[in-house]
């Protein structure tokens, strides 16, 4: 058996969703023979029990990462339902990245199609917002945010064609559940959360400000405007159907919140 074959057998065994015994029961004779040849045992500690230690450690490590990254989702589901969701996810969406912090990237889409997500509308949106919060903390932000003085230095005749960009950490997600109220209660370790009754989908903005992840709700008009800015929309296009004063007020808040970076429309002066 080559090292690659041994690693593949080990991987298949430890990620079997119902344990080593079931893995061997469902395997063919060749796989069972390879298992016996590959893994040692003693009278007091047979190879199945040894491999079960690895299988349990593998699952619970990934389960705990998911619980840490999707804490509100786990709280809403409860321990048993979340464990079942995590079991299905570990089995159907195996880890593909050496960075364990990226393991949950596919969970929001997985929840949307999973029985738990269908049972409680809005759970997939909660998962998407929580994942955006994880991503906001991890994503590199090579540029400093745009400053008001840099924007105001633009001559008035240049504003119609002004194009800006959002910082890499910025994300806009939607949830049919009252995410912000539930998150505040969860973050405060409250005994109870607001009743998660689905309603009209709310836009939720996620971004990073220095080392802190920030979250706030957006009304539909601001969410649309910020989405268009992120897509490269020029200032005059942002003003279509809106007052320029409203767009300027949004820009001021976005800049104050460190959401915006210079793009082709703003030249940043060189620093000595």
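Laboratory data are not the source of any read-out in this text; all were calculated from the coordinates shown. Bear in mind that the values here come from a model prediction, so they are computed numbers and not experimental data. All Cβ positions, even for glycine, are placed from backbone atoms using ideal geometry, and neighbour counts span all protein chains on display.
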*Expected 222 nm ellipticity per residue - DSSP helices of 4 or more, -39500 (n - 2.57), all of the chain, to 500*: -15500 deg cm²/dmol
*So how do 11, 16 line up by other beta-carbon neighbours within 10 Å, fewest first?*
11, 16
*Quick one: if you stick a label point 7 Å off each Cα along the C-beta vector at residue 47 and residue 221, how many nm between them?*
7.0
*Highest GNM mean-square fluctuation, the chain, Cα pairs closer than 10 Å: which of 149, 171, 190?*
149
*Options (1) -0.58, -1.00, -1.08; (2) -0.42, -1.08, -1.24; (3) -0.43, -1.01, -1.14 - which one matches log10 I(q)/I(0) by the Debye sum over Cα atoms at q = 0.09, 0.14, 0.15 Å⁻¹ as calculated here*: (1)
_Mean Cα-pair separation over length for the chain, i.e. relative contact order, pairs under 8 Å, 6 or more apart, %_ = 17
*Angle between the Cα long axis of helix 47-69 and the longest principal axis of the chain, 0 to 90 degrees, nearest 10?*
10
_I need the shape label for region 1-68. Rule: rounded when a/c is under 1.5, else prolate if a/b > b/c, else oblate, with a, b, c from the alpha carbon gyration tensor._
prolate
*asked:* Testing the spin-label approximation: label points 7 Å from Cα along Cα→Cβ at residue 154 and residue 118. State their distance in nm.
replied: 4.8
_Where labels lie 7 Å past Cα in the beta-carbon direction, separation of residue 190 and residue 253 in nm_ = 2.2
_Cα-based helix-to-principal-axis angle, 123-138 vs the chain, degrees rounded to 10_ = 80
*Give the angle, between 0 and 90 degrees and rounded to the nearest 10, that separates the Cα long axis of helix 3-14 from the longest principal axis of the Cα atoms of the chain.*
90
_For a Förster distance of 22 Å, can you work out the FRET efficiency between the beta-carbons of residue 97 and residue 210, rounded to the nearest 0.05?_
0.25
*Top mean-square fluctuation among 245, 176, 52, Gaussian network model of the chain, C-alpha springs under 10 Å?*
245
*So how do 73, 137, 218 line up by other beta-carbon neighbours within 10 Å, fewest first?*
137, 218, 73
*In a Gaussian network model over the chain where Cα atoms closer than 10 Å are linked, find which of 104, 122, 241 has the largest mean-square fluctuation.*
241
*With a/c under 1.5 counting as rounded, go ahead and sort region 36-100 into rounded, prolate or oblate using the C-alpha gyration tensor (a ≥ b ≥ c being the square roots of the eigenvalues; past the cut-off, prolate if a/b is larger than b/c, else oblate).*
prolate
_Debye log10 I(q)/I(0) for region 113-225, one point scatterer per Cα, at q = 0.10, 0.19, 0.23 Å⁻¹_ = -0.40, -1.07, -1.33
